[in-house]
Every structure is written in structure tokens, then in C-alpha cells.
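See structure below.
The values are calculated or read from the model by the stated rules, or taken from the named source; none is laboratory data. Owing to the predicted nature of the structure, the values given are computational and were not obtained by experimental measurement. Ideal geometry is used to build each Cβ from the backbone, glycine not excepted, and the neighbour counts take in all protein chains shown. Quick note on the areas: whole protein, heavy atoms, side chains included, nothing else; ligands and nucleic acids left out. Shrake-Rupley method; radii C 1.70, N 1.55, O 1.52, S 1.80 Å.
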Amino acid sequence: MIVELLAALRNFTRTPAKVPLVAKTYIGTVVSLTVKPPNDKIFTMAAQCLKNLSKVPDYERHIKQVGGHDVLLVLGGDPVNKFNFKK
């Protein structure tokens, strides 16, 4: 179920004009799913969502405020994998 929700969010946020329609209150959940994912598929989807959301400066600032600063630094380089994060 989480994978489907993240896939829908990822697809929705591919267009930067639609990003402001996403409530900022849920970004913290996506950040935590990226930092401590239950599995690799969830990590990949959550990372792609954050990458799409960070294309809008206001959302990028919010991601950093909710603890996603390190996540955004890692997402800047490709490819993204969960071993880039310091545990």
C-alpha cells in the first residue's frame, strides 16, 4: 500500500506546477521513509518523491526544516542508494 501511495505522489509531483497542491505536513513522513525505509522499493519511491518536491524552492526549504537536509545532499548525486546515508 505504501508503495502505491508513493508511486502516485511521485507521478503527481513530476510537474513542478502541481507540487504546491501537496500538503507540507506529509513531507516529514516521506523524509522518514527515505532515511529509514522498510525495504529498497519504498526507499526508491520516497527518494524520487523528495527529488520531485525539492524542485520547488519553498518545498526544498521545508524538506530541510523537517530533517531532510542530508537526504537532499545525497539526492543531488546519481545514482541514489540507501548506503549513501550515514547511519
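For the range 23-58, a tally of residues being acidic (Asp, Glu) and closer than 18 Å to Leu73 by Cα returns 1.
In the set (1) among the small types (Gly, Ala, Ser); (2) without any contact (Cβ under 8 Å) to a residue 40 or more places away in the chain; (3) touching a Pro at 6+ places or on another chain (Cβ under 8 Å), the condition left unmet by Ala17 is number (3). Kindly indicate which of Val74, Val31, Val56 is under 13 Å from the mean Cα position of the chain (by Cα), more than 21 Å from Met1 (Cα to Cα) and at pLDDT 90 or above. Sole residue among the options that is under 13 Å from the mean Cα position of the chain (by Cα), more than 21 Å from Met1 (Cα to Cα) and at pLDDT 90 or above: Val56. Which ones in the range 26-41 are open to solvent by 50 Å² or more (accessible area, probe 1.4 Å) and either of a type in the set (A, V, I, L, M, F, W, C) or assigned to a helix (DSSP H, G or I) (or both)? Within the range 26-41, Tyr26, Thr29, Ser32, Val35, Asp40, Lys41 meet the criteria.
Identify all residues within the range 42-68 that are touching a Leu at 6+ places or on another chain (Cβ under 7 Å) and open to solvent by less than 50 Å² (accessible area, probe 1.4 Å); write none if there are none. Hits for the range 42-68 are Ile42, Met45, Ala46, Ala47, Cys49, Leu50, Ser54, Tyr59, Ile63, Gly68.
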